[in-house]
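Please read the structure below before turning to the comments.
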Amino acid sequence: MAEIKAEEYSKIIPPMPVVLVSTLYGDVKNLAPFGMNMPVSFSPPLYAVGVSGSRDTYKNIMDTEEFVVAVPGPELAKAIDITAGSLPREVSEFEKAGLTPVKSAIVKPFRVKECQSNFECKLEWVKPAGDHYVVAGRVVAAWVDDRIYTEEVSRRMIDPVYHVSSEKGEYAGKGRLL
Ligand SMILES: Cc1cc2nc3c(=O)[nH]c(=O)nc-3n(C[C@H](O)[C@H](O)[C@H](O)COP(=O)(O)O)c2cc1C
């Protein structure tokens, strides 16, 4: 086996699915992609995201204690890149990326119409983690596209965008069922 630098460990795990995190700065609808993300509890339903303290997303969540996680499909790869641009806090990535904000049921940040699923979160806790913070949200409402929810929710229908390489800006699509 080839040994690599310990700091490069994240390159030798399967790529994470990209989620878009929607937050609010006053009236400004902020949106950014996050690869460090995972469910961490079923009951209560908790979702965690690794967010650098320099991100507007982090500041907005600390200020408002609310966010929405949206799951983009492969057709949104270009939009993901646009939302990742370093824009001033006053500029909405929704507009820049041509994505449509939809009013949420419980929280103030907006859902993303073009995404296949969205869930609304209230901040549960935040913990410093090296050069990032782990931000855990309690899921208070969840939505899925009608094309995915027919008679039951099936994860098979979710069409993720995997974050393969930051350096090369590479994404991958869905794999195969084994
Ligand atoms: C595919 C992808 C995944 C990313 N994942 C993360 C992440 O997990 N954590 C993080 O802090 N930044 C991540 N970033 C960088 C932020 O999305 C980027 O800095 C963005 O401009 C932050 O926007 P904001 O300042 O509006 O929050 C990622 C970028 C891309 C393109």
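Rule-based calculations on the coordinates, nothing more; no lab input. For clarity, every value in this text was computed on a predicted model and none was experimentally measured. Ideal geometry is used to build each Cβ from the backbone, glycine not excepted, and the neighbour counts take in all protein chains shown.
Considering only Cα-Cα distances, which of the following residue pairs are longer than 24 Å: LYS96/LYS127; LYS122/LYS168; LYS113/LYS168; LYS59/LYS108; LYS78/LYS174? Walk me through the intermediate numbers first.
Values: LYS96/LYS127 31 Å; LYS122/LYS168 33 Å; LYS113/LYS168 28 Å; LYS59/LYS108 15 Å; LYS78/LYS174 17 Å.
As for pairs spanning more than 24 Å Cα to Cα, those are LYS96/LYS127; LYS122/LYS168; LYS113/LYS168.
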If amide H atoms are modeled at 1.01 Å from N in the peptide plane, then the residues at a separation of 5 or more from ASN37, or on another chain, having amide H under 5 Å from its own are GLY50
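Among all stretches of the chain without exposed GluC sites (Glu not before Pro) (DSSP loop, at most 12 other Cβ atoms within 10 Å), which one is longest?
On the way: sites that count: GLU3, GLU90, GLU151, GLU152, GLU167.
Looking at the chain, 4-89 is the longest stretch - no exposed GluC sites (Glu not before Pro) with at most 12 other Cβ atoms within 10 Å.
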Please work out the C-alpha center-to-center distance from segment 1-58 to segment 101-178 and express it in whole Å.
10 Å
Contour excess over end-to-end distance, with Cα ends at GLU7 and SER52 and 0.36 nm allotted per residue:
14.5 nm
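What chymotrypsin sites (Phe, Trp or Tyr not before Pro) does segment 10-106 have in DSSP loop regions with at most 15 other beta carbons within 10 Å?
Details: sites: TYR25, PHE34, PHE42, TYR47, TYR58, PHE67, PHE94; in loops: PHE42.
Listed in order of number, the matching sites are PHE42.
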Selection of trypsin sites (Lys or Arg not before Pro), segment 118-170, meeting DSSP coil and at most 16 other Cβ within 10 Å
ARG147, LYS168
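Per residue and in cubic angstrom, what volume does the convex hull of the Cα atoms of the chain have? Display every interim value, and only then the final one.
Working: hull volume 25.4 nm³, N = 178.
Looking at the chain, the number lands at 143 Å³ per residue.
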Can you tell me which aspartates and glutamates have their Cα less than 16 Å from the Cα of LYS29? Leave out same-chain residues fewer than eight positions away.
ASP56, ASP63, GLU65, GLU66, GLU90, GLU93, GLU95, GLU114, GLU120
